[in-house]
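Just so it is clear, none of the values below were taken in a lab; they were calculated from the coordinates. Keep in mind that this is a model prediction, so the values were computed, not measured. Note that each Cβ is placed from the backbone with ideal geometry, even for glycine, and that neighbours are counted across all protein chains shown.
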Amino acid sequence: MAVISPSMLSCDFANIQRDVEMINNSEADWFHIDVMDGVFVPNISFGFPVLAAMKKHSKKPMDVHLMIVNPDQYVSEFKKAGADMLTVHYEACTHLHRTIQLIKSEGMKAGVALNPHTPISVLEEILHELDLVLIMSVNPGFGGQKFITSAVEKVSKLKSIIKAKNLKAMIEVDGGVNLETGERLVKAGADALVAGSFVFGSENPLETIASLKKLS
Ligand code: DX5
Ligand code: ZN
């Protein structure tokens, strides 16, 4: 059974508390927060006060996906805002090892996200340090995009490396997840699925989350 992490990027921003409470009452395991700076990605989302407000009402771990340059500068602020897991982009970190140590020193789980064009081989020397690898199955920046199918192959490759080396890193996948793509990803070895528009754009988000949770 995969961890389900609904992405708040697709929630109703005029009803954030209601949507966080929906997640509290659902079978979701975490909730996913997309932070964008308009530099690393061509979009701007939300920052610390919004995260803190969501955290105040949430009963589930906050899974924060940073799509920003210079994440080191803000690691302790994200901890203060309530992040339990902090994922940075490989493509945005020159000194990735230092960034990962910094995240862990703040008591958070540390993750690295890979853009669709970035091979998993770049993680060879850091994989053993990670709690999470986030495979992007869309180009980051927007919800509601089409699933990039090569992500499935990436997941199964990464899964065999993690198994062979007996490592702890979980594989999370983000972008274009629905029942069909979700099933392929879980079969390939994904441990966690992020879903934004599929959950919040559905008529019954509680049932949609439950149906993702049933995938095997
Ligand atoms: C995109 C974000 C995703 C986004 C996914 O940059 O990282 O988390 O919310 O949205 P869907 O599930 O609609 O593709
Ligand atoms: Zn995300």
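Taking helices (runs of 4 or more DSSP H) that fall entirely within region 104-202, which contain at least 3 residues that are under 25 Å from Ile16 (Cα atoms)?
The qualifying helices (runs of 4 or more DSSP H) are 197-200.
Residues that are in contact (Cβ under 8 Å) with a residue 40 or more places away in the chain, in contact with a Phe, Trp or Tyr (Cβ under 6 Å, 6 or more places away or on another chain) and within 22 Å of Gly47 (Cα to Cα): does region 84-103 have at least one?
yes
Would you confirm, using the coordinates I've provided, whether Thr87 is touching a strand residue (DSSP E or B) at 6+ places or on another chain (Cβ under 7 Å) and part of a strand (DSSP E or B)?
yes
Results for (1) farther than 20 Å from Leu193 by Cα; (2) within 16 Å of ligand 2 (Cβ to nearest atom); (3) in contact with a Leu (Cβ under 9 Å, 6 or more places away or on another chain), shown as yes or no for each residue.
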| residue | (1), (2), (3) |
| --- | --- |
| Met36 | no, yes, yes |
| Ala53 | yes, no, no |
| Asp63 | no, yes, yes |
| Val75 | yes, no, yes |
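Considering each of Val50, Val133 in turn, give the residue that is under 17 Å from Gly175 (Cβ atoms) and in contact with a helix residue (DSSP H, G or I) (Cβ under 8 Å, 6 or more places away or on another chain).
Val133
Looking at (1) away from ligand 2 (no atom under 16 Å from the Cβ); (2) among the β-branched types (Val, Ile, Thr); (3) crowded, with 16+ Cβ neighbours inside 10 Å, which is the only condition Thr149 fails?
Here Thr149 clears every test but (3).
Any idea how many residues of region 12-58 are part of a loop (DSSP other than H, G, I, E, B) and either within 16 Å of ligand 1 (Cβ to nearest atom) or exposed (fewer than 13 other Cβ atoms within 10 Å of the Cβ) (or both)?
Qualifying residue count for the region: 15.
Quick check on Ile68: is it under 21 Å from Val138 (Cα atoms), surrounded by 14 or more Cβ atoms within 10 Å (Cβ to Cβ) and of a type in the set (A, V, I, L, M, F, W, C)? It would help to see each step written out before you state the result.
Numbers: under 21 Å from Val138 (Cα atoms): yes; surrounded by 14 or more Cβ atoms within 10 Å (Cβ to Cβ): yes; of a type in the set (A, V, I, L, M, F, W, C): yes.
Criteria met by Ile68.
Which condition from (1) out of contact with any Ser or Thr (no Cβ under 8 Å at 6 or more places or on another chain); (2) assigned to a helix (DSSP H, G or I); (3) of a type in the set (S, T, N, Q) is the one that Ser216 breaks?
(2)
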